[in-house]
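Working notes, beginning with the structure itself.
The values are calculated or read from the model by the stated rules, or taken from the named source; none is laboratory data. None of these values were measured; they are calculated from a predicted model. Reconstructed Cβ throughout: ideal geometry from the backbone, glycine too, with neighbour counts over all protein chains shown.
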Amino acid sequence: MREINLKRRQLKNKTLFSPFTYIIVTIIFLYLLYLVHDLGKVPGLFFDEANYAAEVRSFSTFGTDIHGLRFPVYLSSVWGQGQSILYTIFAVPFVKLFGFSMFVFRLPMVLIGLTFIALMTYTTKRVSKNNYLTLFVLTMLISSPWTFMSLRWVLDANIGPLILNLGVCLIVLGLSGSNSLLNNQILIYSGFIFMALSAYGYMALWLYLPLLIIMIFIFALKNNLLSIRDVLISSVAMFVIALPIILFAIKIFVFHGSGPSHFLFFDLPSLPGSRQSSLIDFSSKHILIDMWNNFQTGINFYISGFDKLPWNSINGYGVLYPIFLIFTIIGLIIPSKFYKNYETAVYLWKLMILTFLPLTFVIRPNFNHWNVVNFPIIIVSAFGLYFAFSKIKNYFSVILITAPVIIMLIFMANYWGNRSFSKNGMISYSIVNKLNNTTIGHKVFISNLTWNFAYFKLIQNVSPEEYNNEQDHLNAFKMAPKYRFTNLIDITKASSESKSGDFILVSNHEYPFFYQSIKRKMVYKIPWGQDEYILYKIVK
């Protein structure tokens, strides 16, 4: 009887979560609460996000993008500058199910990011069997300013690196040999499929992915981790999945095709506002100097903790608190075999950083353009911290794990502070909605319509037919309107087209000669990003 009870206890102990697992789950849950707090309000709307949200609303309502394409491999967007398609696949079902709001639109980004954090933590624990290493990886991921800020708003380019890193986690689990042979192969193939899918999430991955995949294959073959058969199967699967986006890249960069075309049932849109500005000028007479300056500028951004784009980071905090970059360097230098069971994983995340090095000379630097390397930098810093922790044999080792948490709390205070750009430096969705409701049915003469209409387009959600039938476009493929959009009219037309009962929306210092002679009364003042606009009503 005792033996039976003992066996029952042993079986029960095997099925229950360990105390460490409960700690990890609790930390991730608390982080989720931080991520979703005021998610629909903070940060405010950035125009790229407004454009992307309009695309998602269009798919959810009309089944096409804003230009009427049903299965585009890329989005032309309102200025023809292009936005990746991948996030719409996750966001559209949420919007269809729950209706559109900024909270619902942003929620999939939070959930995908949290899935990556959870899978990375699980992978580290499962493969390394090291609680301390696992805790350092989780701590660095959730304390990183980049993790928190990039998951709370939808810059379309940020989805690609998340899917890429999810793929690497699956490959690590498969290569660990901790499952059956069939399950290991499924995990490895799934990981490479995720890597191929990430190409639909960010244009810079078109340069980075081929290099990374080749490096992974060389490493895996050299160390007998993959067979030639595995490499061939993975390569064919990735090529088939990525073929539509490959053809699109050839179309816009090689043939400079105009107008949408088709491949099978996929739509290949045109891209009048080419994204080549994200790269250095290869026709420059001083190309080598430009490449070096590009590299140096990018490194300085990471060291200083600011890329001069306040929607990407808070000055001084960066992707990773600059002081912890020391541990990234330590993590890169320490031989991967130090981490024993986790050696292969450590090598792969180091490889993700090293593979990006050549591209630092040609991709113009900011934390979004270089975002494929951000999570690897954070993860490798955790490896460096663990190494330092393992070498310190006294109570000072506790500082290494508490310091990131303390700095994170200071960062949070700055993020939520009244002077925060995220909180007060961008356009409020609720303000645009109020403006639309106030002026509906009347003409609104607005400053700089070509840029500002994008916020109203998100609110109005007009059909692709109505949008494409606008009379004045900047180019042949009917991109952003220059003078009018539904009831919005550029302020330059106010003196010739305004009537009593219409509205004027301008800042104090913009275009006064277009409306100063018009009799008007102020309705209310509006915070408009870092500016202040005034809504006037035209009177007799």
Note to self: Of the residues Ile287, Ile246, only one is β-branched (Val, Ile, Thr) and within 27 Å of the chain's Cα centre (by Cα); which?
What the structure shows: Ile246
Check: So which strands (runs of 3 or more DSSP E) are wholly in the range 478-540 and hold at least 3 residues that are under 30 Å from Ser420 (Cα atoms)?
Finding: 503-507, 520-528, 531-538
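Pick out the one residue from Thr134, Thr139, Thr115 that is out of contact with any Asp or Glu (no Cβ under 6 Å at 6 or more places or on another chain), farther than 30 Å from Ile252 by Cα, crowded, with 23+ Cβ neighbours inside 10 Å and not aromatic (Phe, Trp, Tyr). First the steps, then the outcome.
Values: Thr139 fails: crowded, with 23+ Cβ neighbours inside 10 Å; Thr115 fails: crowded, with 23+ Cβ neighbours inside 10 Å.
Exactly one of Thr134, Thr139, Thr115 is out of contact with any Asp or Glu (no Cβ under 6 Å at 6 or more places or on another chain), farther than 30 Å from Ile252 by Cα, crowded, with 23+ Cβ neighbours inside 10 Å and not aromatic (Phe, Trp, Tyr), namely Thr134.
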Item checked: Residue in the range 57-84 that is farthest from Gly201 (Cα to Cα), counting only those that are of a type in the set (Gly, Ala, Ser) and under 20 Å from the mean Cα position of the chain (by Cα) -> Gly80
Item checked: Filtered residues of the range 432-462 (kept if charged (D, E, K, R) and either under 29 Å from the mean Cα position of the chain (by Cα) or under 17 Å from Asp65 (Cα atoms) (or both)) -> Lys434, Lys457
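Residues to consider are Ile491, Ile518, Ile504, Ile526; find the one that is at pLDDT 90 or above, surrounded by 20 or more Cβ atoms within 10 Å (Cβ to Cβ), more than 21 Å from Val78 (Cβ to Cβ) and in contact with a helix residue (DSSP H, G or I) (Cβ under 8 Å, 6 or more places away or on another chain).
Details: Ile491 fails: more than 21 Å from Val78 (Cβ to Cβ); Ile518 fails: surrounded by 20 or more Cβ atoms within 10 Å (Cβ to Cβ); Ile526 fails: surrounded by 20 or more Cβ atoms within 10 Å (Cβ to Cβ).
That would be Ile504, the only listed residue that is at pLDDT 90 or above, surrounded by 20 or more Cβ atoms within 10 Å (Cβ to Cβ), more than 21 Å from Val78 (Cβ to Cβ) and in contact with a helix residue (DSSP H, G or I) (Cβ under 8 Å, 6 or more places away or on another chain).
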Next item on the list: Considering only the range 189-202, state which residues are of a type outside the set (S, T, N, Q) and out of contact with any Ser or Thr (no Cβ under 7 Å at 6 or more places or on another chain).
Entry: Gly191, Ile193, Phe194, Met195, Ala196, Leu197, Ala199
Item checked: Failed item, numbered, when Pro93 is tested on (1) within 24 Å of Ala199 (Cβ to Cβ); (2) buried (at least 19 other Cβ atoms within 10 Å of the Cβ) -> (2)
Check: List pairs: first in the range 246-260 and farther than 22 Å from Ser198 by Cβ, second surrounded by 15 or more Cβ atoms within 10 Å (Cβ to Cβ) and acidic (Asp, Glu), Cβ under 6 Å, 6+ apart or cross-chain?
Finding: Pro260/Asp267
Note to self: Every residue in the range 335-391 that is in a loop (DSSP other than H, G, I, E, B) and free of Cβ contacts under 8 Å to residues at least 12 places away in the same chain, please.
What the structure shows: Pro335
Margin query: Considering only residues that are crowded, with 19+ Cβ neighbours inside 10 Å, out of contact with any Pro (no Cβ under 9 Å at 6 or more places or on another chain) and of a type in the set (A, V, I, L, M, F, W, C), which ones fall in the range 360-381?
Written below: Ile363, Phe367, Trp370, Ile377, Ile378, Ile379, Val380
Check: Quick one: what pairs do we get from the range 96-109, first residue at pLDDT 95 or above, second outside any helix (DSSP H, G or I), C-beta under 6 Å, 6+ apart or different chains?
Finding: Ser101/Gly40; Met102/Gly40; Phe103/Leu39; Phe103/Gly40; Arg106/Leu39; Arg106/Val154; Met109/Val154
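Taking the stated definitions as given, is Phe217 touching a Gly at 6+ places or on another chain (Cβ under 6 Å), in the same structural domain as Phe116 (by TED's automatic domain parsing), aromatic (Phe, Trp, Tyr) and in a helix (DSSP H, G or I)?
Numbers: touching a Gly at 6+ places or on another chain (Cβ under 6 Å): no; in the same structural domain as Phe116 (by TED's automatic domain parsing): yes; aromatic (Phe, Trp, Tyr): yes; in a helix (DSSP H, G or I): yes.
It is false that Phe217 is touching a Gly at 6+ places or on another chain (Cβ under 6 Å), in the same structural domain as Phe116 (by TED's automatic domain parsing), aromatic (Phe, Trp, Tyr) and in a helix (DSSP H, G or I).
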Next item on the list: Within the range 228-279, track down each residue that is crowded, with 16+ Cβ neighbours inside 10 Å, modelled with pLDDT of 95 or more and of a type in the set (Gly, Ala, Ser).
Entry: Ser234, Ala242
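If you go through the range 529-540 one residue at a time, how many are under 16 Å from Tyr455 (Cβ atoms) and at pLDDT below 95?
5
Considering the range 228-259 alone, what residues qualify as being among the hydroxyl-bearing types (Ser, Thr, Tyr) and either under 19 Å from Cys169 (Cα atoms) or assigned to a helix (DSSP H, G or I) (or both)?
As a first pass, look at the range 228-259 and keep what is among the hydroxyl-bearing types (Ser, Thr, Tyr): 234-235, 258.
Ser234, Ser235, listed by residue number.
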